[in-house]
Amino acid sequence: MKLITAIIQPDKLEDVKDALFKADVTKMTVSTVRGCGQQAGYEESYRGAVMNINLLPKVKIEIAVTDPFLDITVEAIIKGARTGKIGDGKIFIRSLEETIRIRTGEKGDAAIG
Ligand SMILES: Nc1ncnc2c1ncn2[C@@H]1O[C@H](COP(=O)(O)OP(=O)(O)OP(=O)(O)O)[C@@H](O)[C@H]1O
Ligand SMILES: [Mg+2]
């Protein structure tokens, strides 16, 4: 099992949701967050130096997947979120130790569903 965390531009959420749905990935948690990447929230640094950090609105998508679903999920996120411009976002992948469905007590792949 893997836990995918994707940080994307808020206006790409609908496109990412569509791409995920087409890939048969329908479970996710979405939050609004703020962040900055290597531009520190600015398109360009001033005289080569970034004076401070500007946190911009972003959307965070978290998806727990079984291992066979990892690649298609990542590809769907990229398909929906990529414009080719700076700030398109980033995807983090972690090993997921356990998943438990509270209602039934199912664990592991069966709980991811
Ligand atoms: N190393 C990181 N650690 C934590 N969050 C990050 C990291 N890099 C990016 N993020 C998050 O992802 C968001 C989008 O990052 P962004 O796409 O700007 O990455 P980047 O490395 O600056 O790439 P690009 O040059 O394409 O803009 C950031 O606003 C931040 O919320
Ligand atoms: Mg950036």
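The values are calculated or read from the model by the stated rules, or taken from the named source; none is laboratory data. Since this is a predicted model, take the numbers as computed values, not measurements. Here Cβ is always computed from backbone atoms with ideal geometry, including for glycine, and neighbour counts include all displayed protein chains.
What the table below lists for this structure:
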read-out: Neighbours by Cβ (under 8 Å, 6+ apart or cross-chain): first from the stretch 1-22, more than 10 Å from residue 80 (Cβ to Cβ); second among the charged types (D, E, K, R) and crowded, with 18+ Cβ neighbours inside 10 Å; value: 7/58; 9/58; 10/58
read-out: Residues of the stretch 83-113 that turn out to be among the charged types (D, E, K, R), over 28 Å from residue 35 (Cβ atoms) and in a strand (DSSP E or B), as a count; value: 1
read-out: Qualifying residue in the stretch 6-23 (condition: farther than 25 Å from residue 113 by Cβ, over 13 Å from the mean Cα position of the chain (by Cα) and either at pLDDT 95 or above or surrounded by fewer than 12 Cβ atoms within 10 Å (Cβ to Cβ) (or both)); value: yes
read-out: Residue satisfying all of: in the stretch 51-77; more than 12 Å from ligand 2 (Cβ to nearest atom) and assigned to a strand (DSSP E or B); surrounded by the fewest Cβ atoms within 10 Å (Cβ to Cβ) among these; value: 57
read-out: Search result, residues across the stretch 78-101 that are under 24 Å from residue 13 (Cα atoms), touching a helix residue (DSSP H, G or I) at 6+ places or on another chain (Cβ under 7 Å) and either within 16 Å of ligand 2 (Cβ to nearest atom) or without any contact (Cβ under 8 Å) to a residue 60 or more places away in the chain (or both); value: 81, 88, 89, 91
read-out: Leading residue by the ranking (nearest to the chain's Cα centre (by Cα)) among those in the stretch 58-113 that are hydroxyl-bearing (Ser, Thr, Tyr) and within 17 Å of residue 25 (Cβ to Cβ); value: 73
